[in-house]
Amino acid sequence: MKKNIWLWQLGGITFVSVLGSILHFLYGWTNNNKIVALFSSVNESTWEHMKLLFFPALIYAIFQSFFSKKEFNSFWCVKLIGTSLGLILIPTFFYTSTGIFGTLPGWLNVIIFFVSVVLGFYYETFLFNKNYKTNCQKICIILFIIIAILFFIFTYFPPKIPLFLDPVFNIYGA
């Protein structure tokens, strides 16, 4: 895998971008299925758009781990760092852009998502190429699980703060 890290990461960018785009609409396509809501966007809040990056990135990391975790002893930490970077960039770009321009056109929200995905995977690639080492693999896996649980909980019980507010319909959660 080391020789093909760029191909793996390009595959990850593609997978996360395509599946994240599908997950944006899947809740509506399934007539608001409660199980689908846990993994897909249930409204237009920034938080729900972060789910579109997280769950596809986690699925891809699980798949990729079967082929590469032996080559990279810090695999799960690198994946957590890259995924976290993407998750942080979505609200950072969104709130910075809305602060500067006001309401954003839908296409710019899509660009924010794709740029966040690409930068997260790019940073992972950088860390893999630098042979990033740490001894916290189990902690990183636990943190992935905690983040997933938070996405599940906040789908139905979101805090009443702007990150969770759907600016289109002025609602919170599913």
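The values are calculated or read from the model by the stated rules, or taken from the named source; none is laboratory data. Treat the numbers as computed from the prediction; the structure is a model and nothing was measured. Because the Cβ atoms are built from the backbone with ideal geometry, glycine has one as well, and the counts that use them run over all protein chains shown.
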> What number goes with the only condition from (1) within 14 Å of the chain's Cα centre (by Cα); (2) surrounded by fewer than 13 Cβ atoms within 10 Å (Cβ to Cβ); (3) closer than 18 Å to His24 by Cβ that Val168 does not pass?
Replying inline: (1)
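Given the residues Leu108, Leu89, which is the only one that is assigned to a helix (DSSP H, G or I), surrounded by fewer than 19 Cβ atoms within 10 Å (Cβ to Cβ) and of a type outside the set (S, T, N, Q)?
Unique residue meeting the criteria: Leu108.
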> Exactly one of (1) buried (at least 21 other Cβ atoms within 10 Å of the Cβ); (2) modelled with pLDDT of 95 or more is unmet by Ser84. Its number?
Replying inline: (1)
>> Could you list, ordered by first residue, the pairs with Cβ atoms under 7 Å in which the first is in segment 1-29 and at pLDDT below 95 and the second is assigned to a helix (DSSP H, G or I) and surrounded by fewer than 16 Cβ atoms within 10 Å (Cβ to Cβ), at least 6 apart or interchain?
In response: Met1/Phe67; Ile5/Asn129
>> Anything in segment 30-76 that is among the charged types (D, E, K, R) and either closer than 23 Å to Lys160 by Cα or without any contact (Cβ under 8 Å) to a residue 40 or more places away in the chain (or both)? List them, or say none.
In response: Lys34, Glu44, Glu48, Lys51, Lys69, Lys70
>> Suppose the filter is charged (D, E, K, R), under 21 Å from Phe152 (Cα atoms) and within 14 Å of the chain's Cα centre (by Cα); does Glu48 pass it?
In response: yes
>> So, Ile35, is that one assigned to a helix (DSSP H, G or I), crowded, with 16+ Cβ neighbours inside 10 Å and either under 14 Å from the mean Cα position of the chain (by Cα) or at negative phi (or both) or not?
In response: no
> Considering segment 18-39 alone, what residues qualify as being among the small types (Gly, Ala, Ser) and over 18 Å from Ile88 (Cα atoms)?
Replying inline: Ser21, Gly28, Ala37
